[in-house]
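The values are calculated or read from the model by the stated rules, or taken from the named source; none is laboratory data. All values reported here derive from a predicted model rather than from experimental measurement. Neighbour counts are summed over all protein chains in view; Cβ atoms, including those assigned to glycine, are modelled from backbone coordinates with ideal geometry. Surface accessibility is based on the protein's heavy atoms, side chains included, excluding ligands, DNA and RNA. Shrake-Rupley method; radii C 1.70, N 1.55, O 1.52, S 1.80 Å.
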Amino acid sequence: MSSRYRPLGRQGGIARHPQLGCDIADRYPLGPSMTDQAHPDRLAKVEALRAQGIDPYPARGVAATPIGELLVGAGTPEAPGALVGTRVTVAGRVQLLRDFGKLVFAPLQDRTGRLQVGLERDKLTEWWPQRKLLDGADLVGVTGTLGHTKKGEPTVWAEVVTLLAKAVAPPPEKWHGLVDKELRYRRRYVDLWASEGVADVFVKRSKTLGTIRKYLESEGYLEVETPTLHPIAGGAAARPFVTHHNALDSDLYLRIAPELYLKRLVVGGLERVFEISRNFRNEGLSVRHNPEFTMLELYEAQADYRRMLEIAEQIVERCALAVNGTTKVTFRGAEYDLKAPFPRVGYTDLFREKNGFDFDDAAKVKRRAQELELHVVADPWKLMNDVFEATCEDTLSGPVFVVDYPVQICPLAKQKPGDPRIAERFELYVAGMELGNAFSELNDPAEQQRRFEEQVATKDPEAPGEVDWDYVQALEYGMPPAGGLGIGIDRLVMVLTGQDSIRDVLLFPAMKPESRGSRGELEKNAAPKP
């Protein structure tokens, strides 16, 4: 047996629970199905419940009213709500037990809020002995009369108490939640109910996605789904994750972007399409990067990057209003106003302003990269963009659009009429962080083939390893002029909710494998033993 698990038998020092008189040493060993977070006292209570014929994990729940509705229906003692005096049922997680002998108060929490229940001995004579088997973090259902305490707190005065699930792992200390950041990410299932404000971030994330969908559908867009497994890693510059399909005996790549499939649909006549997709890039972890992330991508026929700029503004502003009720947000200690329109600044102008020379002076770019102690890559255009990111991005407080990029770093974008050095592309920045990227889409099949071949020739591990001939063929059938836009959902939610790290807006961020010695760390955050 792995050392990360320890048996609870007599070797663990618990042969018989001293208060409950329950012999659990031989009947309830803590094997591989239980972690060392399970507390012996709570395990003993599970056995005591079963000995009394009570299932600590019943098959059926209760028909409960959301706590948020009950709080509204309770009103105040001075102005009682419509539900005061009525019989209601509530279900939730016990937050804290305050035992006064003949009376126990226990706040319950569900997804909509927190409401106190009052457990009185005289009203619960049959159930009353079971109160000693109840702990913080247990899930219960309570049916009773909604009213107020003498201090005015909305309370359900219990008539029936039903245990819905016994928590054998103790909760974190009630006032601080989970303090350790890494533990919070690993135990998100605890963090959501134990740490103040965490669940609200993910409610706002869901509202953000709903707002985007509603807006795009009002604009005539069709939501679609495209493959996650790709035969060629294309649509963006990134290292892919590689897997193998046994039946086809071929390597496949987890999607780094849905772009090329979405544009195939524009060729097919679905003139306005969008997808909110999970993308995968085999790169490092940072406050801005997670190998699995969520992107919005959309494409519209007869549009260009100017139309995409307007859509990006609308999405950001509408999401801010829907989530926060205002366009003003506080992010990383500064306030930003996300009300459209946003200012524009040219890529080449900004590069010249911050570096003192033009973007296409390769010799000066290389010297500047060396001054900045950047890794000098062979591709001069990639090096140029590395210099731009190092010298310009942090100055982009925003929200601001950086427009008109050098065509050499935009293999899927159309050239600007009158200036073949420039591509019709923009990126949206807030607080020095890129939120979105958009093009006037290249639809010339011969030019697209040439650019694909140039990418392949660089042998850059972040570039496609082969030409996507099927996509070139799709363009040969004719794609109308189109604009495309991508927005990083995780980063947008970071800004809208004021979270410094991408991990704080992902329910289950990528983590290093948990070491054996770290599993007991939750005990440092746990409430004192009962």
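Summary table
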{"read-out": "Using a Förster distance of 41 Å, the FRET efficiency for E225-R367 (Cβ separation, nearest 0.05)", "value": "0.30"}
{"read-out": "Computed over the chain: relative contact order in percent, which uses C-alpha pairs under 8 Å that are six or more apart", "value": "13 percent"}
{"read-out": "Residue order for E271, E424 - accessible surface, 1.4 angstrom probe, largest first", "value": "E271, E424"}
{"read-out": "For the range 49-114, alpha-carbon Rg relative to the globular expectation (2.2 N^0.38 Å, N residues)", "value": "1.36"}
{"read-out": "Of the DSSP H helices in the chain, those whose Cα atoms cover at least 27 Å axially and whose Kyte score averages -0.5 or more", "value": "198-218, 305-324"}
{"read-out": "Charge dipole magnitude, Cβ of K and R +1, D and E -1 - the chain, Cα centre, debye nearest 20", "value": "2740 debye"}
{"read-out": "By accessible area with a 1.4 Å probe, ligands and nucleic acids excluded, highest first: order of K132, K382", "value": "K132, K382"}
{"read-out": "Sulfur and carbon atoms: percent of accessible area, the range 89-153 [1.4 Å]", "value": "49 percent"}
{"read-out": "Among M494, P343, C392 the positive-end extreme of the charge dipole of the chain (Cβ point charges)", "value": "M494"}
{"read-out": "Value in Å of the Kirkwood radius, where the range 114-248 supplies the Cα pairs that are averaged", "value": "20.6 Å"}
{"read-out": "GluC sites (Glu not before Pro) within the range 302-378: DSSP coil, no more than 15 neighbouring Cβ in 10 Å", "value": "E373"}
{"read-out": "Globularity ratio of the chain, using Cα Rg and 2.2 N^0.38 Å", "value": "1.22"}
{"read-out": "Calculated P(r) tail over 20 Å for the range 300-381, as whole % of Cα pairs", "value": "59 percent"}
{"read-out": "Magnitude of the charge dipole, the range 469-515, Cβ model with Lys/Arg +1 and Asp/Glu -1, debye to 20", "value": "120 debye"}
{"read-out": "Distance (nanometres) between label positions extended 7 Å along Cα→Cβ at L97 and E514", "value": "2.6 nm"}
{"read-out": "Farthest positive-ward along the chain dipole, Cα basis, beta-carbon charges - from G268, G436, Q473", "value": "G436"}
{"read-out": "Translational diffusion coefficient (Stokes-Einstein; Kirkwood radius from C-alpha pairs) of the range 195-353 at 10 °C, 1.306 mPa s, in µm²/s", "value": "87 µm²/s"}
{"read-out": "Sparse-neighbourhood loop sites, trypsin sites (Lys or Arg not before Pro) in the range 316-345 - DSSP loop, at most 15 other Cβ within 10 angstrom", "value": "R332, K339"}
{"read-out": "Kirkwood hydrodynamic radius over Cα pairs of the range 32-158, then Stokes diffusion coefficient at 10 °C and 1.306 mPa s, in µm²/s", "value": "102 µm²/s"}
{"read-out": "Sum of -39500 (n - 2.57) over DSSP H runs of 4+, divided by residues of the chain (222 nm, nearest 500)", "value": "-8500 deg cm²/dmol"}
{"read-out": "Probe 1.4 Å, all protein chains present, accessible-area order of H148, H244, H230, largest first", "value": "H244, H148, H230"}
{"read-out": "The range 104-210: chymotrypsin sites (Phe, Trp or Tyr not before Pro) in DSSP loop, at most 12 other beta carbons within 10 Å", "value": "W175"}
{"read-out": "Pairwise centroid distance, computed over Cα atoms, of the range 367-399 with the range 55-71, Å", "value": "56 Å"}
{"read-out": "FRET efficiency, 1/(1 + (r/R0)^6) with R0 60 Å, evaluated for D180 and R307 via beta carbons", "value": "0.80"}
{"read-out": "Probe 1.4 Å, accessible area per residue of the chain, Å²", "value": "49 Å²"}
{"read-out": "Part-to-part distance (alpha-carbon centres) for the range 287-349 and the range 97-146, which is given in Å", "value": "47 Å"}
